[in-house]
Amino acid sequence: MTTQTRPLDHELIEAAAHVARTRCRGDNHTMAAAGRAQDGRIVTAVNAYHFTGGPCAELVLLGAAAAQGAYELNTIVAVGDRDRGVVPPCGRCRQVLLDYFPNLRVIVGAGERLRTVSITDLLPESYVWADHQLDTEESESLGTS
């Protein structure tokens, strides 16, 4: 279900935009992300581009959040450097974000079309990794533990 952005979402966009303006320099760091933790804290990160396919800002944000003890994120946004504005997560990030936080909200769009959507809206008919894992009891009964 798509919802309009709320004031706290604009604060998150500005946090990511500030990091993109002040910390993204050169080709190695071109995207910034900001996420709001369940306790209200804002965590930020930048991508680590590398020709081998370094991690996107959203994925770096997951590690930065965990390092700060923020294990539950409820909203995330990515912003490009050079005033490119909000950038939607790539396919890999969508899958990882869904697996980590199935109830996550993601800010997407531009200008008057900025909106907050569920991660599941961005990845319809998705593969949910947790749904395909054997629980301990089941794996023991199959002799795969």
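How far, in nm, would the chain grow between GLU112 and TYR71 when pulled straight, counting 0.36 nm per residue and subtracting the alpha carbon separation? Can you show the working numbers first?
Values: separation 41, 0.36 × 41 = 14.76 nm, distance 3.14 nm.
That pair, GLU112 and TYR71, stretches by 11.6 nm at full extension.
Taking the Cα atoms of the range 29-103 alone, what are Rg (to one decimal) and Dmax (as a whole number) in Å?
Just the Cα atoms of the range 29-103 yield Rg and Dmax of 11.7, 36 Å.
Give the range of the longest stretch in the chain that excludes all chymotrypsin sites (Phe, Trp or Tyr not before Pro) found in loop regions by DSSP and having at most 15 other beta-carbon atoms within 10 Å.
Working: sites that count: PHE51, TYR71, TYR127.
The longest such stretch corresponds to 72-126.
Looking at the chain, which longest stretch skips every one of the trypsin sites (Lys or Arg not before Pro) that is in a DSSP loop with at most 15 other Cβ atoms within 10 Å, leaving the sites themselves out? Before the final figure, lay out the partial values.
Numbers: sites that count: ARG25, ARG41, ARG82, ARG84.
By the stated rule (loop sites, at most 15 other Cβ atoms within 10 Å), 85-145.
Which of TRP129, ALA48, ALA37 sits closest to the plus end of the dipole of the chain, meaning its Cα is farthest towards the positive end, when Lys and Arg get +1 and Asp and Glu get -1 on the C-beta?
Among TRP129, ALA48, ALA37, the one farthest towards the positive end of the dipole of the chain is ALA48.
Would you please calculate the Kirkwood hydrodynamic radius of the chain over all C-alpha pairs and express it in Å, rounded to one decimal?
Working: mean 1/r = 0.0629 Å⁻¹.
In the chain this quantity evaluates to 15.9 Å.
Find the all-direction average of the projected area of the Cα convex hull for the range 20-61, expressing the result in square nanometres with one decimal place. Numbers along the way, then the final one.
Numbers: hull surface 11.6 nm².
So the mean shadow area of the Cα hull is 2.9 nm².
The numbers here are math on the coordinates, done by the rules we state, and not lab data. These numbers come from a predicted model, not from an experiment. Quick reminder, even Gly has a Cβ in these numbers, built from the backbone with ideal geometry, and neighbours come from all protein chains shown.
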